[in-house]
Amino acid sequence: MSTSTMLSVENHDYWTSVANTFVWKKKWTTLQSGNFDEVNVEWFKGAKLNITENCLDRHLEKRRHKKALIFEPNNPSEAAQFFTYGELHISVCRFANLLKKKGVQKGDVVCFYMGMTPELMIGILACARIGAIHTVVFGGFSPQSLKGRLIDSNAKIIITHDGAFRGDKVTPLKSMVDEAITDLAKIETVLVVKRTLNEVTMKEGRDYFYDVLIKDCELYCPIVEVDAEDPLFILYTSGSTGNPKGLVHTTAGYMVHVANSFKDVFQTKETDIFWCTADIGWITGHSYLTYGPLLNGATTVMYEGIPTHPTPARFWETIEKHKISHLYTAPTAIRALESYGSDIPGRFSLKSLKVLGSVGEPINEEAWQWYHKYVGKERCPIVDTWWQTETGGILISPIAGITKTIPSYATLPLKGVEPVLVNEKGIEQTEMVSEGHLCIKTPWPGLARTIYGDHERYKQTYFSTYKGLYFTGDGAKRESNGYYRITGRVDDVINVSGHRIGTAEVEDAINAHDLIIESAVVGYPHPIKGQGIYAFVICMDHSHTQEEIEKQIKDSVQKIIGPIAKPDLIQVVAGLPKTRSGKIMRRILRKIVENDIANIGDTSTLLNPECVEKIIKDKKI
Ligand code: WTA
């Protein structure tokens with residue numbers, strides 16, 4: 001007997017009416033099929049479409065001269081760039097024609113390893129136009145990480161920049177690509193977009209400059225019709241165990257969910273200017289910088305740099321300059337900017353702002369209040385949006401200006417979304433006021449359908465913990481008014497500055513160093529980043545200073561994963577608390593770094609209880 005819950009008639013009707021607002025080449029025969037038991041969810045089966053027709057072509061009649069994209073460069077003295085819907089359409093068509101010339105066909109995977117410039121957005125849309133699958137790798141990942149993703153995704157073409165600007169630094173992306181693909185013969189083409197003009201080495205017959213090739217590309221490229229369930233993109237994200245997972249989002253469901261949630265949550269009007277500060281290397285940059293706004297014919301802002309460059313006034317300056325109405329950013333950025341003083345946003349006119357958004361990690365009450373008071377001037381609603389790479393789009397969030405907000409509450413599920421809380425045994429908590437692991441009961445269109453090349457792992461990760469439910473990996477509380485408060489991850493994933501990092505991945509990178517015998521990594525509360533990375537390590541010998549060990553470990557993690565995963569604190573220990581079967585008790589380490597020593601619990605059953613006291617005595621915070 002199936003334990004999965006079917007879509008209700010109400011939700012069926014709801015998603016039908018939402019889907020009817022898009023342009024389809026052929027309508028679906030089945031709105032939704034499959035379930036969480038068999039893990040075979042599909043939406044809009046039988047339909048044919050192209051997402052770029054919905055993002056671009058259908059707006060041309062009314063919005064050809066409306067701004068689609070505003071690009072704000074890293075350096076404020078460089079002029080901003082503007083693309084109308086008409087211009088963006090042409091740019092996407094030309095890029096699509098270029099991809100075709102390079103042999104890219106429907107179903108091929110194209111990898112992007114780029115800084116944040118318009119060519120990145122144009123490039124992924126160009127893939128979608130011809131039915132190719134994009135996979136964007138965040139430029140903060142190391143060549144080794146990039147290589148792993150290239151192998152896993154079977155990409156044959158990679159698009160990069162000569163270098164990327166980030167604050168006062170240049171990341172030499174092309175030479176990082178060279179390093180990643182030295183022994184990857186299957187990469188046939190490297191396309192290099194010029195940006196920083198740093199010197200690059202070009203390999204004859206493999207590497208090409210984009211600006212040279214694009215000149216000869218036609219201004220129009222017809223759409224390729226794809227099936228509703230054809231993959232649109234693969235995006236890698238970290239989990240509790242193993243290598244990063246390539247989540248696969250399919251075309252129609254993702255489109256419908258992302259467009260609809262954008263419209264619902266942010267309540268944009270035709271003249272609004274929407275700024276999502278995320279990098280396109282993350283899901284937020286896919287869903288609410290690119291697809292969500294464009295599907296709604298909105299104006300989207302793309303920023304190349306970092307919040308504090310050249311000064312911590314950059315965000316507020318940019319809001320004033322482009323008359324931004326919606327700012328969607330992460331709590332870590334809010335806390336970082338708050339730390340420079342509340343007077344800074346006050347020096348700029350932020351009167352264009354209407355709605356503020358938060359995403360990526362729990363927003364603490366203090367940051368919420370600061371955002372509300374100093375940025376929103378107590379008149380802009382804050383939408384604390386909860387969702388994940390896997391969910392495609394927002395699932396729990398206030399509706400701007402409609403839902404009454406309470407600091408640090410993501411509030412209510414969007415229409416058509418059915419969250420449940422379960423206890424550790426998997427029993428659904430039916431009392432309104434309850435706490436537990438957050439699961440989703442019925443399919444929604446934006447759900448990632450699989451892990452690329454490993455459906456078994458997908459089943460295992462999300463659908464095996466609680467039968468018939470999608471398990472999010474987050475904990476949550478529900479109040480008497482039905483409001484949800486997300487309390488954070490309940491698995492071995494940590495959230496550093498809104499970036500998901502798997503503790504096992506960091507441990508593997510540390511253990512790869514000859515100096516290290518064993519390590520355990522946990523998250524600890526960090527005033528700006530939300531969580532910091534705390535590594536406990538056992539060294540091979542005792543001849544090295546703390547500084548040497550720290551440098552070696554950080555270098556190793558940077559090389560294997562990238563700078564974002566470098567531990568903040570490293571403690572050399574003689575032993576790690578283990579169960580009698582040899583499993584590291586991370587729970588105890590977590591309590592130690594959270595300074596919750598009273599709740600460590602009984603350590604007498606450990607294999608080596610004596611190490612706990614020593615760890616507490618030497619801890620770094
Ligand atoms: C966390 C980012 C609290 C959560 C869109 C989730 C949040 C993970 C919120 C997904 C929020 C995201 N409040 N926590 N509003 N939004 N999270 O895949 O732990 O990068 O599981 O997607 O971020 O991170 P991901």
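The values are calculated or read from the model by the stated rules, or taken from the named source; none is laboratory data. Treat the numbers as computed from the prediction; the structure is a model and nothing was measured. Here the Cβ is made from the backbone with ideal geometry for all residues, glycine too, and neighbour counts use every protein chain on show. Side chains are part of the model used for accessible areas, which takes the heavy atoms of the whole protein and leaves out ligands, DNA and RNA. Shrake-Rupley method; radii C 1.70, N 1.55, O 1.52, S 1.80 Å.
Tabulated data for the structure shown
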{"quantity": "Shape call, the range 145-273: gyration tensor on alpha carbons, a/c limit 1.5", "calculated": "prolate"}
{"quantity": "Cys with no candidate disulfide partner in the chain (beta-carbon separation under 4.7 Å rule)", "calculated": "CYS55, CYS111, CYS127, CYS217, CYS276, CYS380, CYS439, CYS539, CYS611"}
{"quantity": "If the convex hull is drawn through the Cα atoms of the chain, its volume per residue in Å³", "calculated": "161 Å³"}
{"quantity": "Most positive-pole-ward Cα, SER556, PHE95, HIS526, against dipole of the chain from beta carbon charges", "calculated": "PHE95"}
{"quantity": "Antiparallel bridges, percent of DSSP beta bridges restricted to the range 493-618 (to nearest 5)", "calculated": "80 percent"}
{"quantity": "Accessible solvent surface per residue of the range 493-618, calculated while the other protein chains remain in place, 1.4 angstrom probe, Å²", "calculated": "46 Å²"}
{"quantity": "Candidates per GluC sites (Glu not before Pro) in the range 578-621, loop by DSSP, up to 16 other Cβ within 10 Å", "calculated": "GLU594"}
{"quantity": "Label-point separation in nm, MET540 to LYS425, each point 7 Å along Cα→Cβ", "calculated": "4.9 nm"}
{"quantity": "Size of electric dipole in the chain: Cβ of Lys, Arg +1 and of Asp, Glu -1, about Cα centre, debye, nearest 20", "calculated": "1240 debye"}
{"quantity": "222 nm mean residue ellipticity, helices alone, for the chain (DSSP H n ≥ 4; -39,500 (n - 2.57); rounded to 500)", "calculated": "-7500 deg cm²/dmol"}
{"quantity": "Rg(Cα)/(2.2 N^0.38 Å) for the range 525-621, N = residue count", "calculated": "1.14"}
{"quantity": "Charge tally in the Cβ shell below 15 Å around ILE570, where Lys, Arg are +1 and Asp, Glu are -1, ILE570 excluded", "calculated": "-3"}
{"quantity": "Dipole of the chain, positive direction: furthest Cα of SER33, ASN599, ILE151, with charges on the beta-carbon", "calculated": "SER33"}
{"quantity": "Using θ = phi - 60° and Karplus 6.51 cos²θ - 1.76 cosθ + 1.60, couplings along the range 121-128 (whole Hz; Gly, Pro as x)", "calculated": "5, 4, x, 5, 5, 5, 4, 4"}
{"quantity": "Counting DSSP beta bridges with both ends in the chain, the antiparallel % (nearest 5)", "calculated": "60 percent"}
{"quantity": "The range 429-518: C-alpha gyration tensor shape, a/c 1.5 cut-off, then a/b vs b/c", "calculated": "oblate"}
{"quantity": "Portion, in percent, of the accessible area of the chain that falls on carbon or sulfur, probe 1.4 Å", "calculated": "51 percent"}
{"quantity": "Reachable lysines, given that their alpha-carbon falls under 17 Å from the alpha-carbon of LYS67 and they are not under 8 places away in the same chain", "calculated": "LYS269, LYS321, LYS323"}
{"quantity": "The range 493-618 - charge dipole about Cα centre, Lys and Arg +1 at Cβ, Asp and Glu -1, debye rounded to 20", "calculated": "440 debye"}
{"quantity": "Test item: Cα-centred dipole of the range 84-224, Lys/Arg +1 and Asp/Glu -1 on Cβ, debye", "calculated": "280 debye"}
{"quantity": "Proximal aspartates and glutamates to LYS186, defined as alpha-carbon separation beneath 15 angstrom and excluding residues fewer than eight positions away on the same chain", "calculated": "ASP108, ASP152, ASP178, ASP207"}
{"quantity": "Extreme residue, positive dipole direction of the chain, given options ALA80, TRP282, SER240 (C-beta unit charges)", "calculated": "ALA80"}
{"quantity": "The range 244-391: equivalent-ellipsoid semi-axes (sqrt of 5 x gyration tensor eigenvalues, Cα, Å)", "calculated": "25, 17, 14"}
